[in-house]
Structures are given as C-alpha cells and as structure tokens.
Amino acid sequence: MITPGLALQTAAQTFVLLWFVLLGLKAVGRRVFGELGPQDIILIVLLAESMDIGLTPQGAGFMGSIISGIVLMGTMALVERIRPLRDWLDGSPVVIARDGRIIEAVMRKGHISMSDLEKVARGYGFANIDVFDVMMLEGDGSITGVLKPGYVATRNSKEPFRPGAG
C-alpha cells in the first residue's frame, strides 16, 4: 500500500526527472533529434532505463508507476497548453544562410556543415546554395530554403532536409 508521503515523493521525483531529461535534450541541440536513427533510439531506451530507479521510490510498486505516469502525461499536457513554454521547447527557426552567404556562428552552434546545405540545394535540383534567398534551421532540426526570385525547384523540395537522415 502506498502512503500519501510516498505518493508525493513519487510525483516530485517524476516531475524533477522529466525536466532534467527535457532540459538535457534541449541542451544537446535541435539537430540531434531531428531524425531518429538506431543510435538515438538506443540512447532514449538507455536514458529511460537509467531514470527508472529515480522515478519511483523503493516500495512504491504498481501505484508508484501509475502516479509517475500521471505526472509525466499531465506535465506534458500542461506544457502543450502553455504556448511560451511549448515554443521554447520546440525551438524557433534560425537563419543559417542569406543570399548564398552562410552565417558561420549559427552553423557552428547548430552543428551544421556546408555539406548539409549543399544537400538541401541538391534536393531542390541545384548545385550550390547561391540560388537561395534564405536558408533556415527549423525548430524541429530540419533545414529548409526559400529560392531567390526567378529560380524554380527542379526536384521535389516539399520534404525538408533532416541532417543525419542520409
């Protein structure tokens, strides 16, 4: 049987660990989880396993897991309803190139290589990034571009490029 104190401890530990993981993922950067590969899935599973012991105190049992699940889902539902918090976690688009000129500081911070930008250009059917008015690192980690007037994409450019997606 779970006591009120144990229930509160479970809820508090779950809330703290959730924010620890969210802030850690935010610190890692938007590009890291823009596209999940096998190594990312392994990281998530191992991270979840490493946090398991901290979610519920010893002796909380099944009810501790239920309380933990309620706190996780409730917190994330609340985050979805608080727009500034949701926007901060989702990230906002950042200009990484304008008029064919890259912004090196943003490229470094976003862990973007020139080959990433060239791959976007090839996706539009062009050899280089000079044809773009602007290129953006989107909040979800994808890279998108807006062509300069007079240029028309010759390939399917509806899907944004996700670095690391191959």
Notebook entry, point to check: Within the range 121-134, can you find the residues that are in contact with a Ser or Thr (Cβ under 7 Å, 6 or more places away or on another chain) and either part of a loop (DSSP other than H, G, I, E, B) or modelled with pLDDT of 90 or more (or both)?
Noted result: GLY125
Next item on the list: Specify the residue that is farthest from LYS148 (Cα to Cα); the eligible residues are those in the range 72-97 that are surrounded by 13 or more Cβ atoms within 10 Å (Cβ to Cβ) and of a type in the set (Val, Ile, Thr).
Entry: THR75
Notebook entry, point to check: assigned to a strand (DSSP E or B), out of contact with any helix residue (DSSP H, G or I) (no Cβ under 6 Å at 6 or more places or on another chain) and of a type in the set (A, V, I, L, M, F, W, C): does that describe VAL95?
Noted result: yes
Check: For the range 45-77, how many residues are under 21 Å from ASP140 (Cβ atoms) and at pLDDT below 70?
Finding: 1
Next item on the list: Check the range 2-9 and report whether any residue there is modelled with pLDDT of 70 or more, in a loop (DSSP other than H, G, I, E, B) and of a type in the set (A, V, I, L, M).
Entry: yes
Checklist line | Answer residue from the range 78-89, given it is in a helix (DSSP H, G or I), within 18 Å of GLY139 (Cβ to Cβ) and of a type outside the set (Lys, Arg) and is modelled with the lowest pLDDT among those | finding: LEU89
Notebook entry, point to check: Taking into account only those residues within the range 98-113 that are aliphatic (A, V, I, L, M) and more than 21 Å from the chain's Cα centre (by Cα), which is surrounded by the most Cβ atoms within 10 Å (Cβ to Cβ)?
Noted result: ILE103
Next item on the list: Would you check if ILE42 is within 23 Å of GLY141 (Cβ to Cβ), among the β-branched types (Val, Ile, Thr) and at pLDDT below 70?
Entry: yes
Next item on the list: Go through the range 1-18 and give me each residue that's touching a residue at least 24 places away in the same chain (Cβ under 8 Å) and within 21 Å of LEU85 (Cα to Cα).
Entry: ALA11, GLN13, THR14, PHE15, LEU17, LEU18
Checklist line | Subset tally (residues that are more than 17 Å from PRO93 (Cβ to Cβ), out of contact with any Leu (no Cβ under 7 Å at 6 or more places or on another chain) and surrounded by fewer than 20 Cβ atoms within 10 Å (Cβ to Cβ)) for the range 125-155 | finding: 11
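The values are calculated or read from the model by the stated rules, or taken from the named source; none is laboratory data. As the structure is a computational prediction, the values presented were derived from the model and not from experiment. FYI the Cβ positions are ideal-geometry reconstructions off the backbone, even for glycines, and counts take in every protein chain you see.
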